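Here, each number is a calculation from the coordinates, and none is a lab measurement. Nothing here was measured: the structure is a model prediction, and the numbers come from that model. Neighbour counts are summed over all protein chains in view; Cβ atoms, including those assigned to glycine, are modelled from backbone coordinates with ideal geometry.
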């Protein structure tokens, strides 16, 4: 088990990519705290993770609220111990052209993705500094690299911000034995995307344009994450890994 003895926090862990990551980390031996605004679903994931490796817990956390994050991290720390693995996956999605977009739409997208990554990273970092070892993986998006598609200016901007945050933080904490990387998935088949109001032909168009000729699955991203949080990835920091089936090269 690559993560035996490690304590991990996964935000947005109640479904989709976050769920797959939480289960993969548990399978690799980590004790996992699943943080999400949907506590009922987070508890279901925690039960599944606990069956793979005892110690999984569920927490209700809105990552856009610094106070809620501090409470959640303190609860995770008190129940599991110091947190040295963090996966910032909490996110929302939606399609709207800039002229249709409200200020509230923009603010919420930035608050969950970018401010949320800041809030949780800042709250967990002291444990990693004390341990002189840590792994932070921020889930960005291919849209943060290429703009995505029409209707995603707020989402692409937030994810590009996450990538910039990742690189800057890697500079700060690398000398302390902490790596910070981003994963920028292509289109992944998740409940979040299915509910986001994507164009009806989006999946067909994406598949036609990628060499892999298939939509990505949450487990594809979990596999990449499992590597990045392992000891084997100690020379891998400030990087953006993009599992996307060749849709963006």
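Please arrange 166, 97, 237 by how many other C-beta atoms lie within 10 Å of their C-beta, fewest to most.
Numbers: 166 25, 97 10, 237 20.
With the sparsest Cβ surroundings first, the list reads 97, 237, 166.
As a footprinting exposure proxy, order 249, 210 by other Cβ within 10 Å, with the fewest listed first. Could the numbers behind the result be given before it?
Numbers: 249 7, 210 19.
Ascending Cβ contact count within 10 Å gives the list 249, 210.
For labels at residue 176 and residue 2 in the simple 7 Å Cα→Cβ model, what's the distance in nm?
2.4
How high is the FRET efficiency from residue 201 to residue 108, r the C-beta distance, R0 30 Å, rounded to 0.05? Walk me through the numbers on the way to the answer.
Working: r = 27 Å, r/R0 = 0.90.
Efficiency, from the Cβ-Cβ distance: 0.65.
Helix 39-52 versus the longest principal axis of the chain: what angle, 0 to 90°, nearest 10, using Cα atoms?
Value to nearest ten degrees: 60.
Report, in degrees rounded to the nearest 10, the 0 to 90 angle that the Cα long axis of helix 218-228 makes with the longest principal axis of the chain.
50
Given a Förster distance of 35 Å, report the FRET efficiency between residue 236 and residue 70 from their Cβ-Cβ distance, rounded to the nearest 0.05. Walk me through the numbers before you get to the answer.
Numbers: r = 29 Å, r/R0 = 0.83.
Given R0 = 35 Å and the Cβ-Cβ separation, E is 0.75.
Using only Cα atoms and rounding to the nearest 10 degrees, what angle (0 to 90) does helix 116-131 make with the longest principal axis of the chain?
So the inclination is approximately 30 degrees.
Once you've got the GNM for the chain with C-alpha springs shorter than 10 Å, pick whichever of 12, 144, 94 has the biggest mean-square fluctuation.
Greatest mean-square fluctuation among the candidates belongs to 94.
Between the range 93-151 and the range 191-249, how many Å separate their Cα centres?
Answer, in whole Å: 16.
Would you mind putting 180-188, 225-233 in packing order, based on average other-beta-carbon counts within 10 Å, highest first? Can you show the working numbers first?
Numbers: 180-188: 24.6, 225-233: 18.6.
The peptides rank, most packed first, as 180-188, 225-233.
Using only the Cα atoms of the range 1-63, build the gyration tensor, take square roots of its eigenvalues as a ≥ b ≥ c, and label the shape rounded, prolate or oblate: rounded if a/c is under 1.5, else prolate if a/b is larger than b/c, else oblate. Don't jump to the answer; show the numbers that get you there.
Working: a/c = 1.86, a/b = 1.75, b/c = 1.07.
Note, shape of the range 1-63 comes out prolate.
Going by average Cβ density within 10 Å per residue, which order do the peptides 46-54, 201-209, 134-142 take, highest to lowest? Intermediate results must be reported in sequence, preceding the final value.
Details: 46-54: 16.9, 201-209: 13.1, 134-142: 26.6.
Most protected by this proxy first, the peptides run 134-142, 46-54, 201-209.
Taking other Cβ within 10 Å of each residue's Cβ, how do 173, 69 sort, fewest first? It would help to have the intermediate numbers written out before the result.
Values: 173 18, 69 25.
Going from sparsest to densest Cβ surroundings: 173, 69.
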